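Please see the structure below; I have some questions.
The values are calculated or read from the model by the stated rules, or taken from the named source; none is laboratory data. Bear in mind the structure is a predicted one, so any value in this text is a computation, not a measurement. Neighbour counts run over all protein chains shown; Cβ positions are idealised from the backbone, glycine included. In case anyone asks, the SASA skips ligands and DNA or RNA and just uses the protein heavy atoms, side chains included. Shrake-Rupley method; radii C 1.70, N 1.55, O 1.52, S 1.80 Å.
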Amino acid sequence: MLDLANSLPNATHQFVHPFTQLAEVEASGPTVLVAGEGVRVTDRDGRELLDGFAGLWCVNIGYGRIEVVEAARQQMSKLPYASSFFGFANEPALRLAEELVRLSPESLQHVFFTLGGSDAVDSTLKIIRYFFNVTSRPEKKHVIGLERGYHGVSSAGAGLTGLSNCHLFFDLPLPYQHHIPSHYRYRSTYGSTDAEIINGSIDALQAKVAELGGSSKVAAFFCEPVQGSGGVIVPPEGWLAAMRDACAKLDILFVVDEVITGFGRTGQLFACDWERVEPDLMTIAKGLTSGYSPMGAVLLSDEIYRALVKQVPRDLPFAHGFTYTGHPVSAAVALACLEIYEREQLPENAKVVGAHLLKGLEALRENPWIGDVRGKGLLAAIELVANQKTRAPFEPGLGVSQLVRKKAYENGLIVRAFADNIIGLAPPLIVSEDDVDQMLERLARAIHAAKIELDAA
Ligand SMILES: Cc1ncc(COP(=O)(O)O)c(C=O)c1O
(Lines give C-alpha, C1' and ligand atoms only; values in the text may rest on other atoms or scores of the structure.)
Protein backbone atom coordinates (compact mmCIF):
# COMPACT_ATOMS: atom_id res chain seq x y z
CA MET A 1 0.00 0.00 0.00
CA LEU A 2 1.21 3.48 -0.85
CA ASP A 3 1.31 5.66 2.22
CA LEU A 4 0.26 8.96 0.73
CA ALA A 5 -2.63 9.69 3.07
CA ASN A 6 -0.78 12.19 5.20
CA SER A 7 1.00 13.99 2.39
CA LEU A 8 -2.14 15.08 0.55
CA PRO A 9 -4.46 17.89 1.57
CA ASN A 10 -8.17 17.49 2.30
CA ALA A 11 -9.30 21.05 1.48
CA THR A 12 -12.96 20.11 1.89
CA HIS A 13 -13.99 23.71 2.58
CA GLN A 14 -11.73 25.53 0.17
CA PHE A 15 -12.37 23.41 -2.91
CA VAL A 16 -15.94 23.72 -4.19
CA HIS A 17 -16.94 20.46 -5.87
CA PRO A 18 -19.18 20.50 -8.94
CA PHE A 19 -22.33 18.33 -8.90
CA THR A 20 -21.70 17.27 -5.30
CA GLN A 21 -23.74 17.50 -2.12
CA LEU A 22 -21.38 19.95 -0.50
CA ALA A 23 -22.38 19.30 3.13
CA GLU A 24 -21.80 15.60 2.59
CA VAL A 25 -18.33 15.99 1.09
CA GLU A 26 -17.37 18.41 3.86
CA ALA A 27 -18.20 15.67 6.33
CA SER A 28 -16.72 12.71 4.44
CA GLY A 29 -13.77 14.38 2.73
CA PRO A 30 -13.04 14.07 -0.98
CA THR A 31 -12.20 10.84 -2.83
CA VAL A 32 -8.72 11.60 -4.08
CA LEU A 33 -7.28 9.75 -7.05
CA VAL A 34 -3.54 9.92 -7.49
CA ALA A 35 -2.58 7.78 -10.48
CA GLY A 36 -3.91 5.86 -13.47
CA GLU A 37 -2.73 3.22 -15.91
CA GLY A 38 -4.82 1.67 -18.67
CA VAL A 39 -8.37 1.23 -17.33
CA ARG A 40 -7.31 1.38 -13.68
CA VAL A 41 -6.85 4.26 -11.26
CA THR A 42 -5.34 4.35 -7.77
CA ASP A 43 -6.69 6.37 -4.89
CA ARG A 44 -4.60 7.95 -2.18
CA ASP A 45 -5.15 5.01 0.14
CA GLY A 46 -3.41 2.84 -2.45
CA ARG A 47 -6.64 1.13 -3.54
CA GLU A 48 -6.65 0.12 -7.21
CA LEU A 49 -9.99 0.56 -8.98
CA LEU A 50 -11.34 -0.34 -12.39
CA ASP A 51 -12.52 2.94 -13.87
CA GLY A 52 -15.93 1.97 -15.22
CA PHE A 53 -16.66 5.58 -16.15
CA ALA A 54 -13.47 6.73 -17.89
CA GLY A 55 -13.17 9.68 -15.52
CA LEU A 56 -16.27 11.56 -16.63
CA TRP A 57 -16.83 9.54 -19.83
CA CYS A 58 -13.82 11.17 -21.35
CA VAL A 59 -10.59 9.17 -20.89
CA ASN A 60 -11.33 7.14 -24.00
CA ILE A 61 -7.69 6.15 -24.69
CA GLY A 62 -7.11 5.10 -21.07
CA TYR A 63 -4.57 6.44 -18.60
CA GLY A 64 -0.80 6.69 -18.91
CA ARG A 65 -0.49 7.09 -22.68
CA ILE A 66 3.05 8.38 -22.90
CA GLU A 67 2.82 9.40 -26.57
CA VAL A 68 0.11 11.89 -25.66
CA VAL A 69 2.17 13.20 -22.76
CA GLU A 70 5.13 13.51 -25.13
CA ALA A 71 3.04 15.42 -27.71
CA ALA A 72 2.01 17.87 -24.96
CA ARG A 73 5.58 18.16 -23.66
CA GLN A 74 6.98 18.90 -27.12
CA GLN A 75 4.34 21.49 -27.89
CA MET A 76 4.71 23.10 -24.48
CA SER A 77 8.48 23.39 -25.00
CA LYS A 78 8.12 24.75 -28.53
CA LEU A 79 5.18 27.11 -28.17
CA PRO A 80 3.04 26.76 -25.02
CA TYR A 81 0.51 29.38 -26.04
CA ALA A 82 -0.65 31.30 -29.08
CA SER A 83 -3.71 33.50 -29.34
CA SER A 84 -6.25 32.77 -32.05
CA PHE A 85 -7.65 36.31 -31.90
CA PHE A 86 -7.01 38.90 -34.63
CA GLY A 87 -6.09 36.31 -37.26
CA PHE A 88 -3.32 34.62 -35.27
CA ALA A 89 -3.13 30.84 -35.22
CA ASN A 90 -0.86 27.93 -34.40
CA GLU A 91 0.05 24.84 -36.37
CA PRO A 92 -1.55 22.10 -34.24
CA ALA A 93 -4.89 23.95 -34.07
CA LEU A 94 -4.98 24.47 -37.85
CA ARG A 95 -4.09 20.82 -38.45
CA LEU A 96 -6.69 19.67 -35.92
CA ALA A 97 -9.43 21.74 -37.59
CA GLU A 98 -8.55 20.10 -40.90
CA GLU A 99 -8.64 16.61 -39.36
CA LEU A 100 -11.98 17.21 -37.65
CA VAL A 101 -13.54 18.39 -40.89
CA ARG A 102 -12.15 15.28 -42.62
CA LEU A 103 -13.48 12.90 -39.98
CA SER A 104 -16.86 14.43 -39.11
CA PRO A 105 -20.10 14.25 -41.13
CA GLU A 106 -19.87 15.83 -44.59
CA SER A 107 -22.17 18.73 -43.67
CA LEU A 108 -19.64 20.07 -41.15
CA GLN A 109 -16.91 22.13 -42.77
CA HIS A 110 -15.62 24.56 -40.13
CA VAL A 111 -14.47 24.36 -36.52
CA PHE A 112 -14.63 26.84 -33.65
CA PHE A 113 -12.56 25.69 -30.65
CA THR A 114 -13.63 26.04 -27.02
CA LEU A 115 -12.32 24.74 -23.69
CA GLY A 116 -14.94 22.07 -23.10
CA GLY A 117 -18.53 21.03 -23.76
CA SER A 118 -20.44 23.74 -21.91
CA ASP A 119 -18.77 26.59 -23.73
CA ALA A 120 -19.17 24.66 -27.00
CA VAL A 121 -22.95 24.58 -26.39
CA ASP A 122 -22.92 28.21 -25.28
CA SER A 123 -20.95 29.23 -28.37
CA THR A 124 -23.41 27.27 -30.52
CA LEU A 125 -26.35 29.16 -29.03
CA LYS A 126 -24.59 32.47 -29.70
CA ILE A 127 -23.57 31.50 -33.24
CA ILE A 128 -27.16 30.47 -34.05
CA ARG A 129 -28.49 33.76 -32.74
CA TYR A 130 -25.86 35.70 -34.70
CA PHE A 131 -26.55 33.65 -37.85
CA PHE A 132 -30.27 34.40 -37.88
CA ASN A 133 -29.70 38.06 -37.00
CA VAL A 134 -27.20 38.63 -39.82
CA THR A 135 -29.40 36.76 -42.30
CA SER A 136 -32.37 39.04 -41.51
CA ARG A 137 -34.38 36.49 -39.53
CA PRO A 138 -34.10 38.05 -36.07
CA GLU A 139 -37.39 36.53 -34.93
CA LYS A 140 -36.01 33.00 -35.02
CA LYS A 141 -35.08 32.89 -31.34
CA HIS A 142 -36.66 29.87 -29.62
CA VAL A 143 -34.66 26.69 -29.12
CA ILE A 144 -36.01 23.25 -28.26
CA GLY A 145 -34.28 20.39 -26.46
CA LEU A 146 -35.30 17.08 -24.95
CA GLU A 147 -36.40 16.42 -21.40
CA ARG A 148 -33.56 14.52 -19.68
CA GLY A 149 -31.10 16.06 -22.18
CA TYR A 150 -27.81 17.44 -20.89
CA HIS A 151 -26.03 20.29 -22.62
CA GLY A 152 -23.67 21.52 -19.95
CA VAL A 153 -23.96 24.26 -17.37
CA SER A 154 -23.28 27.64 -18.96
CA SER A 155 -25.86 30.32 -18.11
CA ALA A 156 -27.68 29.56 -21.36
CA GLY A 157 -26.77 25.89 -21.90
CA ALA A 158 -28.02 24.84 -18.46
CA GLY A 159 -31.49 26.03 -19.46
CA LEU A 160 -31.37 23.95 -22.60
CA THR A 161 -30.41 21.00 -20.41
CA GLY A 162 -33.65 19.18 -19.56
CA LEU A 163 -32.81 18.16 -15.99
CA SER A 164 -34.61 19.99 -13.21
CA ASN A 165 -31.68 19.98 -10.78
CA CYS A 166 -29.78 22.14 -13.28
CA HIS A 167 -32.64 24.66 -13.28
CA LEU A 168 -33.64 24.85 -9.63
CA PHE A 169 -32.44 28.04 -7.89
CA PHE A 170 -30.65 29.15 -11.11
CA ASP A 171 -33.77 30.82 -12.61
CA LEU A 172 -33.70 28.51 -15.61
CA PRO A 173 -34.75 27.63 -18.26
CA LEU A 174 -34.70 31.01 -20.03
CA PRO A 175 -37.89 32.17 -21.74
CA TYR A 176 -36.66 31.13 -25.20
CA GLN A 177 -35.79 27.56 -24.14
CA HIS A 178 -38.26 24.69 -24.39
CA HIS A 179 -38.36 20.91 -24.08
CA ILE A 180 -40.25 17.98 -25.52
CA PRO A 181 -40.40 14.53 -23.89
CA SER A 182 -37.44 12.18 -24.25
CA HIS A 183 -37.58 9.02 -26.36
CA TYR A 184 -37.08 7.15 -23.05
CA ARG A 185 -38.60 3.78 -23.92
CA TYR A 186 -38.64 2.26 -20.43
CA ARG A 187 -40.90 5.03 -19.12
CA SER A 188 -42.22 6.32 -22.42
CA THR A 189 -44.90 8.88 -22.93
CA TYR A 190 -45.00 7.98 -26.63
CA GLY A 191 -45.53 4.21 -26.54
CA SER A 192 -43.25 1.21 -26.58
CA THR A 193 -42.59 0.42 -30.25
CA ASP A 194 -39.87 2.10 -32.31
CA ALA A 195 -42.46 3.61 -34.66
CA GLU A 196 -44.55 5.02 -31.81
CA ILE A 197 -41.49 6.61 -30.22
CA ILE A 198 -40.17 8.07 -33.48
CA ASN A 199 -43.54 9.35 -34.69
CA GLY A 200 -44.40 10.61 -31.22
CA SER A 201 -41.14 12.57 -31.05
CA ILE A 202 -41.72 14.13 -34.48
CA ASP A 203 -45.31 15.05 -33.56
CA ALA A 204 -44.12 16.58 -30.30
CA LEU A 205 -41.49 18.66 -32.11
CA GLN A 206 -44.00 19.86 -34.71
CA ALA A 207 -46.53 20.70 -31.99
CA LYS A 208 -43.93 22.62 -29.98
CA VAL A 209 -42.85 24.62 -33.05
CA ALA A 210 -46.52 25.43 -33.78
CA GLU A 211 -47.13 26.42 -30.16
CA LEU A 212 -44.17 28.84 -30.32
CA GLY A 213 -45.62 30.61 -33.37
CA GLY A 214 -44.24 28.47 -36.19
CA SER A 215 -40.86 28.07 -37.89
CA SER A 216 -40.34 31.79 -38.26
CA LYS A 217 -39.95 31.99 -34.49
CA VAL A 218 -37.90 28.85 -33.85
CA ALA A 219 -34.15 28.66 -34.41
CA ALA A 220 -33.05 25.13 -33.59
CA PHE A 221 -33.56 21.71 -32.06
CA PHE A 222 -30.72 20.25 -29.93
CA CYS A 223 -30.23 16.62 -28.97
CA GLU A 224 -27.64 14.06 -27.92
CA PRO A 225 -27.54 10.93 -30.11
CA VAL A 226 -27.70 8.94 -26.87
CA GLN A 227 -28.83 10.90 -23.83
CA GLY A 228 -25.97 10.72 -21.33
CA SER A 229 -26.45 12.42 -17.98
CA GLY A 230 -30.22 11.94 -18.24
CA GLY A 231 -29.52 8.23 -17.62
CA VAL A 232 -27.96 6.75 -20.78
CA ILE A 233 -31.15 6.72 -22.83
CA VAL A 234 -30.73 5.14 -26.25
CA PRO A 235 -33.25 6.15 -28.92
CA PRO A 236 -34.73 3.60 -31.31
CA GLU A 237 -32.80 2.99 -34.51
CA GLY A 238 -33.81 5.63 -37.03
CA TRP A 239 -34.76 8.23 -34.42
CA LEU A 240 -31.80 10.56 -35.03
CA ALA A 241 -32.23 10.51 -38.82
CA ALA A 242 -35.99 11.05 -38.47
CA MET A 243 -35.48 14.06 -36.20
CA ARG A 244 -32.91 15.45 -38.62
CA ASP A 245 -35.45 15.20 -41.47
CA ALA A 246 -38.19 16.71 -39.33
CA CYS A 247 -35.98 19.73 -38.57
CA ALA A 248 -35.17 20.20 -42.26
CA LYS A 249 -38.91 20.13 -43.10
CA LEU A 250 -39.65 22.55 -40.28
CA ASP A 251 -36.83 24.85 -41.46
CA ILE A 252 -35.07 24.85 -38.10
CA LEU A 253 -31.42 24.02 -37.43
CA PHE A 254 -30.54 20.53 -36.23
CA VAL A 255 -27.79 20.54 -33.59
CA VAL A 256 -26.23 17.32 -32.36
CA ASP A 257 -24.38 17.34 -29.05
CA GLU A 258 -21.71 14.64 -29.38
CA VAL A 259 -19.75 15.69 -26.31
CA ILE A 260 -20.08 12.17 -24.87
CA THR A 261 -20.84 10.12 -27.97
CA GLY A 262 -18.07 11.58 -30.14
CA PHE A 263 -14.72 9.82 -30.60
CA GLY A 264 -15.80 6.23 -30.64
CA ARG A 265 -17.90 5.79 -27.55
CA THR A 266 -20.95 4.26 -29.29
CA GLY A 267 -18.96 2.15 -31.77
CA GLN A 268 -18.52 4.69 -34.58
CA LEU A 269 -16.20 7.70 -34.52
CA PHE A 270 -19.32 9.88 -34.24
CA ALA A 271 -22.75 8.55 -33.26
CA CYS A 272 -24.17 10.48 -36.25
CA ASP A 273 -22.27 8.01 -38.47
CA TRP A 274 -24.63 5.15 -37.50
CA GLU A 275 -27.45 6.69 -39.55
CA ARG A 276 -25.36 8.97 -41.77
CA VAL A 277 -26.91 11.98 -40.13
CA GLU A 278 -25.65 15.36 -41.29
CA PRO A 279 -26.34 18.02 -38.69
CA ASP A 280 -26.11 21.78 -39.15
CA LEU A 281 -23.92 22.10 -36.08
CA MET A 282 -22.22 19.65 -33.75
CA THR A 283 -20.63 20.10 -30.34
CA ILE A 284 -17.70 17.95 -29.21
CA ALA A 285 -15.32 17.81 -26.21
CA LYS A 286 -14.30 15.01 -23.78
CA GLY A 287 -12.91 12.30 -26.11
CA LEU A 288 -11.42 14.99 -28.37
CA THR A 289 -8.47 15.11 -25.95
CA SER A 290 -9.46 12.06 -23.90
CA GLY A 291 -9.44 14.34 -20.88
CA TYR A 292 -5.62 14.79 -21.02
CA SER A 293 -6.10 18.52 -21.58
CA PRO A 294 -9.23 20.69 -21.77
CA MET A 295 -10.71 21.30 -25.21
CA GLY A 296 -14.06 21.32 -27.00
CA ALA A 297 -15.34 22.58 -30.32
CA VAL A 298 -18.35 23.57 -32.38
CA LEU A 299 -18.44 22.18 -35.92
CA LEU A 300 -20.42 24.30 -38.38
CA SER A 301 -22.00 23.86 -41.77
CA ASP A 302 -20.66 25.93 -44.64
CA GLU A 303 -23.98 27.79 -44.91
CA ILE A 304 -23.71 29.08 -41.34
CA TYR A 305 -20.01 29.91 -41.61
CA ARG A 306 -20.43 31.73 -44.96
CA ALA A 307 -23.14 33.91 -43.47
CA LEU A 308 -20.73 34.93 -40.70
CA VAL A 309 -18.13 35.79 -43.35
CA LYS A 310 -20.30 37.53 -45.92
CA GLN A 311 -23.30 38.99 -44.21
CA VAL A 312 -21.52 40.88 -41.48
CA PRO A 313 -20.19 44.35 -42.38
CA ARG A 314 -16.50 44.09 -43.36
CA ASP A 315 -15.21 46.25 -40.53
CA LEU A 316 -16.92 44.16 -37.83
CA PRO A 317 -15.07 41.26 -36.22
CA PHE A 318 -16.80 38.01 -35.22
CA ALA A 319 -16.74 39.18 -31.61
CA HIS A 320 -16.74 35.85 -29.85
CA GLY A 321 -13.87 33.70 -28.59
CA PHE A 322 -11.77 32.68 -25.63
CA THR A 323 -8.15 33.36 -24.62
CA TYR A 324 -7.62 29.62 -25.01
CA THR A 325 -9.52 29.10 -28.28
CA GLY A 326 -7.38 26.69 -30.32
CA HIS A 327 -4.87 26.20 -27.49
CA PRO A 328 -1.74 24.67 -29.08
CA VAL A 329 -1.03 22.17 -26.29
CA SER A 330 -4.61 20.87 -26.23
CA ALA A 331 -4.60 20.75 -30.04
CA ALA A 332 -1.36 18.69 -30.01
CA VAL A 333 -2.94 16.37 -27.44
CA ALA A 334 -6.09 16.02 -29.57
CA LEU A 335 -4.02 15.17 -32.67
CA ALA A 336 -2.18 12.47 -30.70
CA CYS A 337 -5.53 11.08 -29.48
CA LEU A 338 -6.94 11.02 -33.03
CA GLU A 339 -3.95 8.97 -34.13
CA ILE A 340 -4.61 6.48 -31.34
CA TYR A 341 -8.34 6.21 -32.20
CA GLU A 342 -7.45 5.44 -35.78
CA ARG A 343 -4.44 3.17 -35.21
CA GLU A 344 -6.01 1.11 -32.41
CA GLN A 345 -9.47 1.14 -33.99
CA LEU A 346 -11.02 2.14 -30.72
CA PRO A 347 -14.52 2.76 -32.16
CA GLU A 348 -14.50 -0.85 -33.33
CA ASN A 349 -13.33 -2.03 -29.90
CA ALA A 350 -16.19 -0.04 -28.36
CA LYS A 351 -18.61 -1.85 -30.65
CA VAL A 352 -17.28 -5.35 -29.92
CA VAL A 353 -16.53 -5.01 -26.20
CA GLY A 354 -19.65 -2.88 -25.78
CA ALA A 355 -21.77 -5.78 -27.05
CA HIS A 356 -20.04 -8.00 -24.49
CA LEU A 357 -20.77 -5.47 -21.73
CA LEU A 358 -24.43 -5.26 -22.69
CA LYS A 359 -24.74 -9.06 -22.73
CA GLY A 360 -23.17 -9.20 -19.29
CA LEU A 361 -25.53 -6.56 -17.95
CA GLU A 362 -28.49 -8.44 -19.44
CA ALA A 363 -27.37 -11.50 -17.47
CA LEU A 364 -27.64 -9.43 -14.28
CA ARG A 365 -31.38 -9.11 -14.88
CA GLU A 366 -31.83 -12.19 -12.67
CA ASN A 367 -31.40 -9.75 -9.83
CA PRO A 368 -34.90 -8.45 -8.98
CA TRP A 369 -33.58 -4.90 -8.57
CA ILE A 370 -32.69 -4.60 -12.25
CA GLY A 371 -35.56 -3.08 -14.19
CA ASP A 372 -33.89 -2.00 -17.41
CA VAL A 373 -30.61 -2.60 -19.21
CA ARG A 374 -29.61 -0.35 -22.11
CA GLY A 375 -26.60 0.83 -24.02
CA LYS A 376 -24.81 1.43 -27.28
CA GLY A 377 -21.12 0.63 -27.62
CA LEU A 378 -19.31 1.36 -24.39
CA LEU A 379 -22.08 3.57 -23.08
CA ALA A 380 -24.44 1.59 -20.87
CA ALA A 381 -26.74 1.74 -17.88
CA ILE A 382 -28.96 -0.31 -15.63
CA GLU A 383 -32.05 1.13 -14.00
CA LEU A 384 -32.75 -0.18 -10.50
CA VAL A 385 -36.39 -0.56 -9.46
CA ALA A 386 -38.37 -1.67 -6.42
CA ASN A 387 -40.52 -3.95 -8.58
CA GLN A 388 -39.31 -5.49 -11.84
CA LYS A 389 -42.85 -6.29 -13.07
CA THR A 390 -44.56 -2.97 -12.38
CA ARG A 391 -41.35 -0.93 -12.90
CA ALA A 392 -42.18 0.87 -9.65
CA PRO A 393 -39.26 3.04 -8.59
CA PHE A 394 -37.71 2.92 -5.13
CA GLU A 395 -39.00 5.34 -2.51
CA PRO A 396 -37.25 8.66 -3.08
CA GLY A 397 -34.68 9.26 -0.39
CA LEU A 398 -33.55 5.65 -0.09
CA GLY A 399 -30.50 6.57 -2.14
CA VAL A 400 -30.25 3.14 -3.76
CA SER A 401 -27.98 4.07 -6.66
CA GLN A 402 -25.66 6.06 -4.37
CA LEU A 403 -25.43 3.03 -2.11
CA VAL A 404 -24.59 0.78 -5.09
CA ARG A 405 -21.97 3.29 -6.24
CA LYS A 406 -20.41 3.26 -2.77
CA LYS A 407 -20.41 -0.53 -2.59
CA ALA A 408 -18.92 -0.70 -6.09
CA TYR A 409 -16.09 1.56 -4.96
CA GLU A 410 -15.47 -0.69 -1.94
CA ASN A 411 -15.31 -3.59 -4.40
CA GLY A 412 -12.76 -1.81 -6.62
CA LEU A 413 -15.03 -0.36 -9.31
CA ILE A 414 -15.99 3.20 -10.21
CA VAL A 415 -19.48 3.60 -11.68
CA ARG A 416 -21.74 6.63 -12.01
CA ALA A 417 -24.96 6.97 -10.01
CA PHE A 418 -27.55 9.07 -11.85
CA ALA A 419 -30.89 10.35 -10.60
CA ASP A 420 -33.79 7.87 -10.64
CA ASN A 421 -31.55 5.00 -9.47
CA ILE A 422 -29.75 4.60 -12.76
CA ILE A 423 -26.19 3.26 -12.71
CA GLY A 424 -23.97 4.18 -15.66
CA LEU A 425 -20.95 2.46 -17.17
CA ALA A 426 -18.67 4.05 -19.77
CA PRO A 427 -15.17 2.60 -19.42
CA PRO A 428 -12.17 3.69 -21.48
CA LEU A 429 -12.47 2.42 -25.06
CA ILE A 430 -9.30 0.34 -24.67
CA VAL A 431 -11.13 -1.92 -22.19
CA SER A 432 -10.90 -5.68 -22.84
CA GLU A 433 -13.60 -8.33 -22.41
CA ASP A 434 -11.69 -9.64 -19.37
CA ASP A 435 -11.72 -6.18 -17.78
CA VAL A 436 -15.45 -5.97 -18.49
CA ASP A 437 -16.02 -9.35 -16.85
CA GLN A 438 -14.24 -8.10 -13.75
CA MET A 439 -16.35 -4.94 -13.80
CA LEU A 440 -19.55 -6.98 -14.06
CA GLU A 441 -18.48 -9.26 -11.23
CA ARG A 442 -17.73 -6.29 -8.99
CA LEU A 443 -20.99 -4.59 -9.94
CA ALA A 444 -22.99 -7.72 -9.13
CA ARG A 445 -21.24 -7.92 -5.76
CA ALA A 446 -21.99 -4.25 -5.11
CA ILE A 447 -25.69 -4.63 -5.86
CA HIS A 448 -25.84 -7.68 -3.60
CA ALA A 449 -24.08 -5.82 -0.77
CA ALA A 450 -26.36 -2.80 -1.18
CA LYS A 451 -29.44 -5.03 -1.04
CA ILE A 452 -28.24 -6.69 2.18
CA GLU A 453 -27.60 -3.29 3.76
CA LEU A 454 -30.96 -1.89 2.68
CA ASP A 455 -32.88 -5.00 3.77
CA ALA A 456 -31.21 -4.81 7.18
CA ALA A 457 -32.03 -1.12 7.65
C1 LIG B 1 -23.81 15.97 -23.94
C2 LIG B 1 -23.01 16.94 -23.14
N3 LIG B 1 -22.94 18.21 -23.54
C4 LIG B 1 -22.21 19.12 -22.87
C5 LIG B 1 -21.52 18.77 -21.73
C6 LIG B 1 -20.73 19.79 -21.00
O7 LIG B 1 -19.38 19.56 -21.12
P8 LIG B 1 -18.33 20.14 -20.07
O9 LIG B 1 -18.57 19.44 -18.77
O10 LIG B 1 -17.00 19.83 -20.70
O11 LIG B 1 -18.55 21.60 -19.96
C12 LIG B 1 -21.55 17.46 -21.28
C13 LIG B 1 -20.83 17.06 -20.07
O14 LIG B 1 -20.98 15.97 -19.55
C15 LIG B 1 -22.34 16.52 -21.98
O16 LIG B 1 -22.45 15.26 -21.57
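With labels modelled as points extended 7 Å from the Cα through the Cβ direction, what inter-label distance (nm, one decimal) is found for HIS13 paired with ILE452?
Here the modelled spin labels are 3.9 nm apart.
Sticking with this structure for a sec: Taking the Cα centre of the chain as origin, sum charge times position over the Cβ atoms of Lys and Arg (+1) and Asp and Glu (-1), and report the length of that vector in debye to the nearest 20.
Using Cβ point charges on Lys, Arg, Asp and Glu, the chain gives about 740 debye.
May I ask for the percentage of alpha-carbon pairs in segment 185-298 that lie more than 22 Å from each other?
Roughly 36 percent, once rounded to a whole number.
Using +1 at the C-beta of Lys and Arg and -1 at the C-beta of Asp and Glu, which of TYR186, HIS167, TRP274 has the Cα lying farthest in the positive direction of the dipole of segment 68-344?
Value: HIS167.
Shape verdict for the chain, please, from the Cα gyration tensor: rounded (a/c under 1.5), prolate (a/b greater than b/c) or oblate.
Judged from the Cα gyration tensor, the chain comes out oblate (a/c at least 1.5, b/c at or above a/b).
Mind checking the per residue accessible area of segment 68-344 for me, 1.4 Å probe, whole number of Å²?
Roughly 42 Å² per residue, with all protein chains present.
For segment 317-330, take each phi angle, set θ = phi - 60°, evaluate the Karplus expression 6.51 cos²θ - 1.76 cosθ + 1.60, and give the result in whole Hz per residue in order, putting x for glycine and proline.
Once rounded to whole Hz, the list reads x, 6, 8, 8, x, 10, 3, 9, 4, x, 4, x, 5, 5.
What is the sum of charges around LEU364, taking Lys and Arg as +1, Asp and Glu as -1, for the other residues whose C-beta is under 15 Å from the C-beta of LEU364?
+1
Moving to a separate point now. If we sort 13-26, 190-203, 142-155 on the protection proxy, mean other Cβ atoms within 10 Å, highest first, what's the order?
Sorting 13-26, 190-203, 142-155 by mean packing, highest first, produces 142-155, 190-203, 13-26.
Same structure again: Using the Cβ atoms and a cut-off under 10 Å, what net charge is assigned to the surroundings of HIS110, where Lys and Arg are +1 and Asp and Glu are -1?
Once positives and negatives cancel, what remains is 0.
What full-extension length gain, to one decimal in nm, is calculated for LYS389 and ARG47 as 0.36 nm per residue of separation minus the Cα-Cα distance? Can you show the working numbers first?
Values: separation 342, 0.36 × 342 = 123.12 nm, distance 3.82 nm.
Additional length available on full extension: 119.3 nm.
For segment 376-457, what does the relative contact order come out to in percent, with C-alpha contacts under 8 Å and a separation of six or more?
Relative contact order here is 33 percent.
A further question follows. What nm value, rounded to one decimal, do you get for the distance between ARG276 and ALA419 when each label is placed 7 Å out toward the C-beta?
3.8
Projecting each Cα onto the charge dipole of segment 237-369 (Lys/Arg +1, Asp/Glu -1 at the beta carbon, about the Cα centre), which of ASN367, PRO328, SER290 comes out farthest on the positive side?
About the Cα centre, the residue reaching furthest to the positive side is PRO328.
Whose amide H sits under 5 Å from the amide H of GLY296, counting only residues 5 or more places off or on another chain, with H placed in the peptide plane?
THR114, LEU115, GLY116
Right, here's the next one. What shape does segment 204-258 have by the C-alpha gyration tensor, where a ≥ b ≥ c are the square roots of the eigenvalues, rounded means a/c under 1.5, and otherwise prolate means a/b greater than b/c and oblate the rest?
Prolate, because a/c is 1.5 or more and a/b exceeds b/c.
Counting Lys and Arg as +1 and Asp and Glu as -1, what is the net charge of the other residues whose Cβ lies under 13 Å from the Cβ of LEU308?
+3
Sorted by accessible area (1.4 Å probe), largest first, how do ARG185, ARG265 line up?
Result, largest first: ARG185, ARG265.
Order the peptides 278-286, 370-378, 76-84 from the highest to the lowest mean number of other Cβ atoms within 10 Å of their residues.
Highest to lowest by the protection proxy: 278-286, 370-378, 76-84.
Let me know the shape class of segment 47-169, please: from the alpha-carbon gyration tensor, a ≥ b ≥ c as square roots of the eigenvalues, rounded when a/c is under 1.5, otherwise prolate if a/b is greater than b/c, or oblate.
Oblate, since a/c reaches 1.5 and b/c is not below a/b.
May I ask you to compute the full-extension gain from SER432 to GLN109, defined as 0.36 nm times their residue separation minus their alpha-carbon distance, rounded to one decimal in nm?
Going from the current span to full extension adds 112.8 nm.
A further question on this structure: Mind checking which aspartates and glutamates have their C-alpha under 15 Å from LYS376, skipping anything on the same chain fewer than 8 residues away?
Counting by Cα, and skipping residues close in sequence, LYS376 has these aspartates and glutamates nearby: GLU224, GLU237, GLU258, ASP273, GLU275, GLU348, GLU362.
In addition: State the percentage of accessible surface on segment 68-344 attributable to carbon and sulfur atoms; use a 1.4 Å probe and exclude ligands, DNA and RNA. Walk me through the numbers before you get to the answer.
Details: 6350 of 11540 Å².
Using a 1.4 Å probe with all protein chains present, segment 68-344 comes out at 55 percent carbon and sulfur.
Moving on. As I understand it, the dipole of the chain uses +1 on the Cβ of Lys and Arg and -1 on the Cβ of Asp and Glu, about the Cα centre. Which of TRP57, THR42, TYR341 lies farthest toward its positive end?
TRP57
Only helical DSSP H runs with n ≥ 4 go in: add -39500 (n - 2.57) per run for the chain, normalise by residue count and round the 222 nm mean residue ellipticity to 500 deg cm²/dmol.
Working: 13 runs with 167 residues, N = 457.
My calculation for the chain gives -11500 deg cm²/dmol from helical runs alone.
Place the peptides 126-132, 66-72 in order of packing, highest mean first, counting for every residue the other Cβ atoms within 10 Å and averaging per peptide.
126-132, 66-72
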